[in-house]
Amino acid sequence: MSAPLEENIVHTSFEDLSVGQSATLGKTITEADLLMFAGVSGDTNPAHMDEEYAAGTLFKGRIAHGMLTGALMSALFGTKLPGPGCIYVSQSLRFKAPVRIGDTVRVKAEVIDLVADKKFAVFRTTATVKGKLVVDGEATLMVPSRG
């Protein structure tokens, strides 16, 4: 069974957001996570699924799907900040280092801009493993308004 996400679901309206606000979420990546992500996404690249193949790559072993880490960012947005009802507009991701089975990934989103007329919030997104940056990016989300 997959290790659970650390989560406390929070509901935030656009009007409640401010630049500098942030939230984090952590998850330890398991073998089951890779198998399930491959099943859902169809990405069965042997770099993720075949230890013998992956041993001969630059990474010297299996690595987690990059988009699995991206999906953790989506989980953070949908459950913590801004929370339920927010909708992705865009996400950029720069992969800096591999994530492996057994790594605990900590994703963070920090509000860097607010576009009031569109109810868009812009976030800097990062993922770290043992304090090392593994993914860096930026996301724009449409956030529900109270009014």
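The values are calculated or read from the model by the stated rules, or taken from the named source; none is laboratory data. Given the structure is predicted, the values throughout are model-derived calculations rather than measurements. Every residue, glycine as well, gets a Cβ built from its backbone with ideal geometry; the counts of neighbours run over all protein chains shown.
So is Thr125 without any contact (Cβ under 8 Å) to a residue 60 or more places away in the chain, crowded, with 20+ Cβ neighbours inside 10 Å and of a type in the set (S, T, N, Q) or not? Against the criterion (without any contact (Cβ under 8 Å) to a residue 60 or more places away in the chain, crowded, with 20+ Cβ neighbours inside 10 Å and of a type in the set (S, T, N, Q)), Thr125 qualifies. Condition test on Arg124, is it of a type in the set (Lys, Arg) and assigned to a strand (DSSP E or B)? So Arg124 passes the test. May I ask you to verify whether Leu72 is more than 30 Å from Thr57 (Cα to Cα), buried (at least 19 other Cβ atoms within 10 Å of the Cβ) and of a type in the set (A, V, I, L, M)? Taking the combined requirement at face value, the residue does not satisfy it. Filtering the stretch 131-141 to residues that are more than 12 Å from the chain's Cα centre (by Cα) and either touching a residue at least 24 places away in the same chain (Cβ under 8 Å) or closer than 18 Å to Leu81 by Cβ (or both) leaves Lys132, Leu133, Thr140, Leu141. Comparison of Asp113, Asp117 shows that the only residue that is modelled with pLDDT of 95 or more and assigned to a loop (DSSP other than H, G, I, E, B) is Asp117.
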